[in-house]
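J.: Just dropping this structure here.
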Amino acid sequence: MVRPTPATPPTPRPTTPSRATQARPTQPPPVVVITGVSGSGKSTVGAALAGRLGWDWADGDAFHPGSNIAKMAAHEPLTDADRLPWLDEIGSWIDKEAEAGRPAVIACSALKRSYRDRLRAGRPQVRMVYLVVDLKTLHQRLTDRRDHMFHADMLGSQLSTLEPPAPEEDVLMIKSAGSPEQTVDQIITWERLGAFLPSTMERRRD
């Protein structure tokens with residue numbers, strides 16, 4: 001389902017797994033995928049979340065092939081044919097993190113449901129967060145941004161492609177307002193990631 005930020009914090013998950021849970025095969029460490037249109041703050045929030053948790057971090061833009069970068073530099077919107085190999089590269093990165101037993105955070109627009117489904121297929125550890133930003137703020141951020149391959153005049157193409165998460169997708173929707181640190185606080189709370197904070201992990205080891 002779509003999980004908008006509730007008014008009451010969720011009940012913490014138990015720190016000691018039940019015998020039934022212990023008997024299940026070990027699931028790979030979590031990977032949080034920060035999604036949303038360009039200018040929503042995916043990279044800023046994602047890097048801050050990874051830094052807070054001490055997890056691996058990647059920006060999905062780095063996985064675009066040269067042909068995609070050239071199209072965006074020429075103000076040409078990407079097509080499904082352009083994006084699918086890019087999504088598969090991101091999926092491969094998530095798989096490598098799982099093989100290494102490392103939790104991670106990655107930013108990826110994942111504009112369509114089919115894109116989100118592609119990233120989650122066979123990857124139960126993936127948690128998705130969708131950053132909600134009003135149109136005026138998006139345009140201002142893109143106009144102010146310098147030396148980026150995505151231009152402000154391409155925002156319309158992303159919005160026309162966008163399929164906001166549906167209730168059954170189980171995507172956390174967070175309003176990207178205030179500071180990135182405040183948005184990170186909300187993600188940690190509603191995705192119940194507090195147990196992964198370095199200070200918490202250190203106390204457990206002690």
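The values are calculated or read from the model by the stated rules, or taken from the named source; none is laboratory data. Remember, it's a predicted structure, so these values are computed and weren't measured experimentally. Every residue, glycine as well, gets a Cβ built from its backbone with ideal geometry; the counts of neighbours run over all protein chains shown. Side chains included, ligands, DNA and RNA excluded: accessible areas come from the protein's heavy atoms. Shrake-Rupley method; radii C 1.70, N 1.55, O 1.52, S 1.80 Å.
J.: Mind checking which pairs have a first residue in region 57-75 that is closer than 17 Å to S109 by Cβ and a second that is open to solvent by 50 Å² or more (accessible area, probe 1.4 Å) and at pLDDT 90 or above, Cβ under 7 Å, 6 or more apart or different chains?
T.: Going by the 7 Å Cβ cut-off, the qualifying pairs are F63/E89; P65/P85.
J.: From the residues in region 38-49 that are open to solvent by 10 Å² or more (accessible area, probe 1.4 Å) and of a type outside the set (G, A, S), which one is farthest from R118 (Cα to Cα)?
T.: Among those residues, the one meeting the criterion is T44.
J.: Moving to a separate point now. Are any residues in region 173-193 assigned to a helix (DSSP H, G or I) and either within 13 Å of the chain's Cα centre (by Cα) or buried (at least 18 other Cβ atoms within 10 Å of the Cβ) (or both), and if so, which ones?
T.: T183, V184, Q186, I187, I188, W190, listed by residue number.
J.: For D61, are the conditions met, namely being in contact with a helix residue (DSSP H, G or I) (Cβ under 8 Å, 6 or more places away or on another chain), surrounded by 15 or more Cβ atoms within 10 Å (Cβ to Cβ) and either farther than 17 Å from V126 by Cβ or at pLDDT below 95 (or both)?
T.: So D61 fits the description; yes.
J.: Among the residues that make up region 172-183, is at least one of them among the small types (G, A, S), modelled with pLDDT of 95 or more and over 21 Å from P77 (Cα atoms)?
T.: Looking through region 172-183, none of the residues is among the small types (G, A, S), modelled with pLDDT of 95 or more and over 21 Å from P77 (Cα atoms).
J.: A further question follows. Filtering region 64-101 down to residues that are among the small types (G, A, S) and either touching a Pro at 6+ places or on another chain (Cβ under 6 Å) or on the phi > 0 side of the Ramachandran plot (or both), which residue is most open to solvent (accessible area, probe 1.4 Å)?
T.: G101
J.: Select from region 155-172 the residues that are surrounded by fewer than 18 Cβ atoms within 10 Å (Cβ to Cβ), within 17 Å of the chain's Cα centre (by Cα) and not acidic (D, E) and list them in ascending order.
T.: Once the filter is applied, which keeps residues that are surrounded by fewer than 18 Cβ atoms within 10 Å (Cβ to Cβ), within 17 Å of the chain's Cα centre (by Cα) and not acidic (D, E), region 155-172 yields L162, P164, A166.
J.: Return the total of residues in region 102-154 being open to solvent by less than 50 Å² (accessible area, probe 1.4 Å), part of a loop (DSSP other than H, G, I, E, B), at pLDDT 85 or above and farther than 16 Å from E89 by Cβ.
T.: 5
J.: One residue is enough: does region 79-86 have a residue meeting the conditions over 17 Å from S43 (Cβ atoms) and part of a loop (DSSP other than H, G, I, E, B)?
T.: Looking through region 79-86, at least one residue is over 17 Å from S43 (Cβ atoms) and part of a loop (DSSP other than H, G, I, E, B).
J.: Would you mind stating whether R203 is closer than 16 Å to V45 by Cα, in a helix (DSSP H, G or I), open to solvent by 70 Å² or more (accessible area, probe 1.4 Å) and modelled with pLDDT under 95?
T.: Against the criterion (closer than 16 Å to V45 by Cα, in a helix (DSSP H, G or I), open to solvent by 70 Å² or more (accessible area, probe 1.4 Å) and modelled with pLDDT under 95), R203 does not qualify.
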